[in-house]
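The values are calculated or read from the model by the stated rules, or taken from the named source; none is laboratory data. None of the values given here were measured: they were computed from a predicted structure. Methodologically, a virtual Cβ is constructed for each residue, glycine included, from the backbone with ideal geometry; neighbour enumeration extends over all protein chains shown.
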Amino acid sequence: MRGLLLISGGLDSPVAGWIMAKQMELYSVHFSGEPFVNKEAENKAKSLAKAVGCKKFILVPFGQIQEELTKKCNHRYYYILTKRLMLMISEKLAKKYNCDYLITGDSLGQVGSQTLSNLTNITMATKMEVLRPLLSYDKIETIELAKKIGTYELSTGPEMCSLLGPKHPATKSSIELIDIEESKIDLNGMMGAALNKIEDEDL
Amino acid sequence: MEEFTFEKCKTKGAYSAKLKHNKKLELKNLKGKFEIVSETPVLYLIKADGYNIVVHAYGEILFKEGTNVDEMKELSAKIYSILLKKVY
């Protein structure tokens, strides 16, 4: 069995990976925010992926997609829309790399996109099973585990995933509203362009 | 000259300028003054004096790379002077 870990380089996703690595082989995917961020964020994600036992690191250029979403869609739904796109792209990668599950570091209520309502609508972007081993963890528990497994220090390094995000993201959404926002962009075109430029390496 | 702080940002791995008092930045005033790499409603990515710079509408300026603090501070002051618009 193989899982595809969506790794941002923050605190949570490496811990989620470490937990699931006990149950299955892991590959990892990182969505790069270049040109808005520098290489440090990518290098950090790769180091974390290796530290938690991922066998492969897949890099998806995502900066242009983030830019497009910011320009064309209601900015309050930015995090929901980006996470949905990440799951859609990850589903295609999972098929390509024979992964059975998607894994994320989401936990309930920490940020605007991680309310129950939003997580439900985000998950509807994929038909695959999405494993969220940190769903009921609070931040202190995650930090303690990160310190225990040795990813805490590295996770506190460079990360710019919220650079384009809104100050007041939507904490509730409906699938109808999301459909309207997604109709404003060329979803398939953007995903195809990103998938054509992926890079991968064995860890 | 507008007052701002300038320091290395731990979470972002870059040098960052932040205004001491919240002001609205008119990002479109950057056009014609700097090379615009990317523009969105919330931030612009520009090139200036060899630096790649993220200018956020809420007032933060981030230098993606760079070690010459004096140079970056001077550039930040220049950017702020071009962009600042008082909001009443």
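Below, the figures for the structure above:
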| item | result |
| --- | --- |
| Extreme residue, farthest from the other protein chains (Cβ to nearest Cβ), among residues of the range B:6-24 that are at pLDDT below 85, under 14 Å from the mean Cα position of the chain (by Cα) and within 15 Å of residue B:84 (Cβ to Cβ) | B:23 |
| Conditions (1) within 18 Å of residue A:20 (Cα to Cα); (2) out of contact with any strand residue (DSSP E or B) (no Cβ under 8 Å at 6 or more places or on another chain); (3) surrounded by fewer than 20 Cβ atoms within 10 Å (Cβ to Cβ); number of the one not met by residue A:109 | (1) |
| Check on residue A:65, buried (at least 24 other Cβ atoms within 10 Å of the Cβ) and either of a type in the set (A, V, I, L, M) or over 13 Å from the mean Cα position of the chain (by Cα) (or both) | no |
| Positions within the range A:1-44 being out of contact with any Leu (no Cβ under 8 Å at 6 or more places or on another chain), modelled with pLDDT under 95 and outside any loop (DSSP other than H, G, I, E, B), in sequence order | A:39, A:40, A:41, A:43 |
| When residues of the range B:25-36 are limited to those that are in a strand (DSSP E or B) and at pLDDT 90 or above, the one nearest to residue B:76 (Cα to Cα) | B:34 |
